[in-house]
1. For the range B:36-88, give me each residue that is of a type in the set (A, V, I, L, M), under 30 Å from B:Leu153 (Cα atoms) and facing chain A (nearest Cβ under 7 Å).
2. Of the residues A:Ser50, A:Ser90, which is within 20 Å of A:Gly225 (Cα to Cα) and open to solvent by less than 10 Å² (accessible area, probe 1.4 Å)?
3. Give just the number: which of (1) without any contact (Cβ under 8 Å) to a residue 24 or more places away in the chain; (2) part of a strand (DSSP E or B) does A:Val164 not satisfy?
4. Please list, ordered by first then second residue, the pairs with beta carbon atoms under 6 Å, 6 or more apart or interchain, first in the range A:223-240 and at negative phi and assigned by TED's automatic domain parsing to the domain that holds A:Val85, second acidic (Asp, Glu) and not in a strand (DSSP E or B).
5. Which of the following residues is open to solvent by 50 Å² or more (accessible area, probe 1.4 Å), modelled with pLDDT under 95 and not in a helix (DSSP H, G or I): A:Thr37, A:Thr9?
6. When B:Glu140 is evaluated against the numbered criteria (1) within 30 Å of A:Glu84 (Cα to Cα); (2) in contact with a helix residue (DSSP H, G or I) (Cβ under 9 Å, 6 or more places away or on another chain), which criterion, by number, is the only one it fails?
7. With the requirement that a residue be on the phi < 0 side of the Ramachandran plot, open to solvent by less than 70 Å² (accessible area, probe 1.4 Å), outside any strand (DSSP E or B) and not hydrophobic (A, V, I, L, M, F, W, C), what does the range A:102-114 give you?
There are 2 protein chains.
Amino acid sequence: MASDQTHLTLLLLFTLISPILSHSIIQQFTKPLLHFTSANTLYCDSWRFSVETNDAGSWSTIPEKCIDYVKDYMTGDRYTSDSEVVADDSLEYAKTVELTGKDAWVFDVDETLLSNLPYYADNGFGSQIYDEESFNNWVEMSEAPSLPASLRLYNELEEMGITVFLLTGRDEYQRNVTEKNLLQAGFSNWKKLFLRGTSDKGKAASVYKSEKRMELVDEGYVIHGCSGDQWSDLSGYAVATRSFKLPNPMYYIA
Amino acid sequence: MASDQTHLTLLLLFTLISPILSHSIIQQFTKPLLHFTSANTLYCDSWRFSVETNDAGSWSTIPEKCIDYVKDYMTGDRYTSDSEVVADDSLEYAKTVELTGKDAWVFDVDETLLSNLPYYADNGFGSQIYDEESFNNWVEMSEAPSLPASLRLYNELEEMGITVFLLTGRDEYQRNVTEKNLLQAGFSNWKKLFLRGTSDKGKAASVYKSEKRMELVDEGYVIHGCSGDQWSDLSGYAVATRSFKLPNPMYYIA
């Protein structure tokens, strides 16, 4: 009986301390894990820095080791959070603008007003070479959702009396499906939607977009702000007073 | 005895499965923790995105809730990793340059060649308003270490036969201590070090730096690359063919 009791006591004792042990083991394991960044994440974070600042220059597909990273970034909280902060920055600036009566804001469309994330989720999050036919089929469906942060910015700018222009690299033949998609996603009352016409074919995006912005300047508009996910939406000439780079670690357009 | 054996068996069994239980408990706890991003980190990551892309525009101090975040970023692996990737991008581009015989690369100094991290670590990592006197006292000490990634880039560019120019917002009276510091940190053989002279006082950094780059262009140099931690190091006119934005979430210079 004494032996039995000893064993029972031991068993009871072990059962009691087991959760404490587990807890301390968990703490021991989780503390470094919380501060732990895998070599992959470290690299992919730096790769994203270099892409978003345009340090990377031209690139065609995301690094293979960053596919999961980009997927997590795009489908988790971070893409939304980054987009919201850009919209906040844009609005904070817009509120300081002195209106002249000819006040313009230029928005790009893809990955700026509309999100093609459903398409890219089905096509490797930028890990596959751009397939024009496949992407155009997606565009034809007019089903891209809005980027909520950009929709909020868009509506507030219109309320302020700033004239909104849309400037996209999409082709003129996609005008109807693009307008349909924009309206369905909640955008309305843009002054003009610029698409690539016959004479714009083959031009680098930064040249084509600069030319179109110049048309607005020639019409007397002050381009206070410009929003785009590519540096080629923002740079060149006739640039806006302030440019706002939205996140996009999935693809690059020169 | 049978009872003893039963208890012993139970005890043995429990001892055996306890690590397995612990392991599964640990897995259960760590999996969400690995994917866990605190609201603060999420915000500070987005704030850093907006600062590094210049979306944030002018700002004076880092958000109070991001002090620990910036400290972790600057003193952990990420600042080093980001800087290394920028140097890699720069070198990859430099190797494609066709040399003309008058080939220039322009480097900023602070947070580009030299790191003032020891100073900022003692002064809140950018959470305190810039104190010119205190910072100048630090500059007088000539003790800033190199940014290793930039030193590697600097040396490789010189080996390629590209002429290196240094263009800093530091004042002309700080020339001696700056040269001393650069040499001690391992930099040498720059062609010219531009500092703010009497006529440059009060100019925005982007204007002052554009003017100096224009002097190089007027002398016949092709500025292939420009490296700086501030957008005002890179933008304006007489801009380089390619600009490389180094990370700096600690301060902003217009």
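The values are calculated or read from the model by the stated rules, or taken from the named source; none is laboratory data. In this text, all values refer to a predicted model and were calculated from it rather than measured experimentally. Here Cβ is always computed from backbone atoms with ideal geometry, including for glycine, and neighbour counts include all displayed protein chains. Surface areas here come from the heavy atoms of the whole protein model, side chains and all, with no ligands, DNA or RNA. Shrake-Rupley method; radii C 1.70, N 1.55, O 1.52, S 1.80 Å.
1. B:Ala56, B:Val85, B:Val86
2. Details: A:Ser50 fails: within 20 Å of A:Gly225 (Cα to Cα).
None of the other options fit; the residue is A:Ser90.
3. Only one criterion is unmet by A:Val164, namely (1).
4. A:Gly228/A:Asp108; A:Asp229/A:Glu111; A:Asp233/A:Asp108
5. Going through A:Thr37, A:Thr9 in turn, the sole match is A:Thr37.
6. (1)
7. To start, the set of residues in the range A:102-114 that are on the phi < 0 side of the Ramachandran plot comprises A:102-110, A:112-114.
Right, trim to open to solvent by less than 70 Å² (accessible area, probe 1.4 Å) and you get A:103-110, A:112-114.
Remaining after also requiring outside any strand (DSSP E or B): A:108-109, A:112-113.
Passing the criteria: A:Asp108, A:Thr112.
Here's the yes/no breakdown for (1) more than 14 Å from A:Pro247 (Cα to Cα); (2) in a helix (DSSP H, G or I):
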{"position": "A:Asp68", "(1), (2)": "yes, yes"}
{"position": "A:Tyr79", "(1), (2)": "no, yes"}
{"position": "A:Ser83", "(1), (2)": "no, yes"}
{"position": "A:Val86", "(1), (2)": "no, yes"}
{"position": "A:Glu92", "(1), (2)": "yes, yes"}
{"position": "A:Thr96", "(1), (2)": "yes, no"}
{"position": "A:Thr100", "(1), (2)": "yes, no"}
